[in-house]
Amino acid sequence: MVAAARRALNEFPVFTPLTDAIGCRVEGVDIGAPMTDAVFASLRRALAEHTVLVLPGQDFTPEQHIAFSRRFGPLEDHVLSDFCLPGHPEIFVVSNIIENGRHIGAYGGSKRYHSDLSYLDEPSMGSLFYCVECPQGSGETAFASMAAAFEALPADMQARLLTLNGVHDYVWNYARAHKTRPPLTEAQKAKTPPVVHPAVVTHPETGRKSLFLSEVFTRTFEGEDEGESQALIAELMAFAEEPRFVYVHAWTPGDLVIWDNRSSVHKAMPFDEANARRRMHRTTVRGARPFR
Ligand SMILES: [Fe+2]
């Protein structure tokens, strides 16, 4: 595509909500081409409002992926540096593909709802996930609005949750969830001690409150019994997973999906990992310490 035609794409983005609770399709944008601050601001506002943006038909280089992602804020380098794109520590590869006897990306994980990097002191603000290669009819990503779920809870449960903090523990989850991956090194463990976040957080751009917990990373409520905490987390997540709060994205190569980790959780749906090929590139935007 010639430069002028690509640039014209970024003048009038068209936003189409995908469900009542979460998700918005954005057409008329090309993130590999120049984009004014005003158009970028409209994308950022739409992300805060709809939590998940779907931008189909994108074609960009890793450098363009990184440059566009940086407009949202500084990027994370993932703790699992073995799964980053060679030469690009900002791009985390999620894939089942094996090349030259080694996995090119993170595999066999994320089948349960979570918010990326919730186990950091300053969890991720958002992620930009680009589909390079995928099977059709499987391997979707499901997103649940933790804002819509919180708002639909009974008032007494909302009040109780507003008094609780969750303990997010990456090392605890890794040991039980990733039995086929090599164990974490002591250095990796030292980088990810348990952290405490409010169980309900306020979105810094919209002021909306969201549940901020998951069965993947939230081990207990601070000061509470682990078994009782796990039971309540399971109950809340079962509620948040109801279809009325969920958008399931079926991938086509060239899709870029941007999600807000502060107000949603997501999970990968299964696919034939032994035979099908799936390759996704993720950048992860650094966030701030969550507040109630
Ligand atoms: Fe994730």
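The values are calculated or read from the model by the stated rules, or taken from the named source; none is laboratory data. This one's a predicted model, so the numbers in the text were calculated from it and none came from an experiment. So basically every Cβ, Gly included, is an ideal-geometry build from the backbone, and we count neighbours across all protein chains shown. Heavy atoms of the whole protein, side chains included, go into the accessibility calculation; ligands, DNA and RNA do not. Shrake-Rupley method; radii C 1.70, N 1.55, O 1.52, S 1.80 Å.
Listing for the model above:
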{"quantity": "Percent breakdown of C-alpha pair distances by 5 Å bin, ordered from the shortest bin, for region 30-170", "calculated": "2, 7, 13, 19, 20, 17, 11, 7, 4, 1, 0, 0"}
{"quantity": "Fully extended contour minus Cα-Cα distance, from ARG25 to ASP37, at 0.36 nm per residue", "calculated": "2.3 nm"}
{"quantity": "Sum of -39500 (n - 2.57) over DSSP H runs of 4+, divided by residues of the chain (222 nm, nearest 500)", "calculated": "-7000 deg cm²/dmol"}
{"quantity": "Cross-link partners of LYS267 among aspartates and glutamates (Cα-Cα below 19 Å; sequence separation of 8 or more within a chain)", "calculated": "ASP116, GLU133, GLU140, ASP169, GLU215, GLU235, GLU241, GLU242, ASP255"}
{"quantity": "FRET efficiency estimate (nearest 0.05) - Cβ-Cβ, VAL196 to ARG160, R0 22 angstrom", "calculated": "0.80"}
{"quantity": "Length released on extending from ARG102 to ASP272, taking residue separation times 0.36 nm less the Cα-Cα span", "calculated": "59.4 nm"}
{"quantity": "Distance (nanometres) between label positions extended 7 Å along Cα→Cβ at ARG181 and ALA152", "calculated": "3.1 nm"}
{"quantity": "Surface per residue (accessible, 1.4 Å probe) for the chain, Å²", "calculated": "44 Å²"}
{"quantity": "Positive-pole candidate from ILE104, LEU184, PHE217, dipole of the chain, charges at beta carbon", "calculated": "ILE104"}
{"quantity": "C-alpha center-to-center spacing [region 43-87, region 105-158] in angstrom", "calculated": "15 Å"}
{"quantity": "Two-site label geometry, ALA67 and GLU235: point separation in nm, points 7 Å out along Cα→Cβ", "calculated": "5.2 nm"}
{"quantity": "The chain, relative contact order in percent, only Cα pairs under 8 angstrom and at least six apart counted", "calculated": "31 percent"}
{"quantity": "Magnitude of the charge dipole, region 214-292, Cβ model with Lys/Arg +1 and Asp/Glu -1, debye to 20", "calculated": "700 debye"}
{"quantity": "Ordering of 243-252, 42-51 by burial proxy (mean other Cβ atoms within 10 Å per residue, highest first)", "calculated": "42-51, 243-252"}
{"quantity": "Assigned charges on the beta-carbon of Lys, Arg, Asp, Glu; the chain dipole about Cα centre (debye)", "calculated": "360 debye"}
{"quantity": "Highest average packing first - 155-162, 214-221, Cβ atoms within 10 Å", "calculated": "214-221, 155-162"}
{"quantity": "Size of electric dipole in region 59-215: Cβ of Lys, Arg +1 and of Asp, Glu -1, about Cα centre, debye, nearest 20", "calculated": "440 debye"}
{"quantity": "Prolate/oblate/rounded call for the chain, Cα gyration tensor, a/c under 1.5 rounded", "calculated": "oblate"}
{"quantity": "Signed unit charges on C-beta, dipole axis of region 220-263, positive-most listed residue PHE245, ILE258, ALA234", "calculated": "ILE258"}
{"quantity": "FRET E, pair ALA250, ALA288, Förster distance 51 Å, beta-carbon r, rounded to 0.05", "calculated": "0.95"}
{"quantity": "Farthest positive-ward along region 48-115 dipole, Cα basis, beta-carbon charges - from SER95, ILE66, CYS84", "calculated": "SER95"}
{"quantity": "Prolate/oblate/rounded call for region 90-154, Cα gyration tensor, a/c under 1.5 rounded", "calculated": "prolate"}
{"quantity": "For GLU133, distant residues with modelled amide H under 5 Å away", "calculated": "ARG279"}
{"quantity": "Mean separation of Cα contacts under 8 Å (6+ apart) over length of region 4-117, as relative contact order %", "calculated": "16 percent"}
{"quantity": "Rg/Rh ratio calculated on Cα atoms of region 38-117 (Kirkwood radius)", "calculated": "1.00"}
{"quantity": "Prolate/oblate/rounded label for region 134-292 (Cα gyration tensor, a/c 1.5)", "calculated": "oblate"}
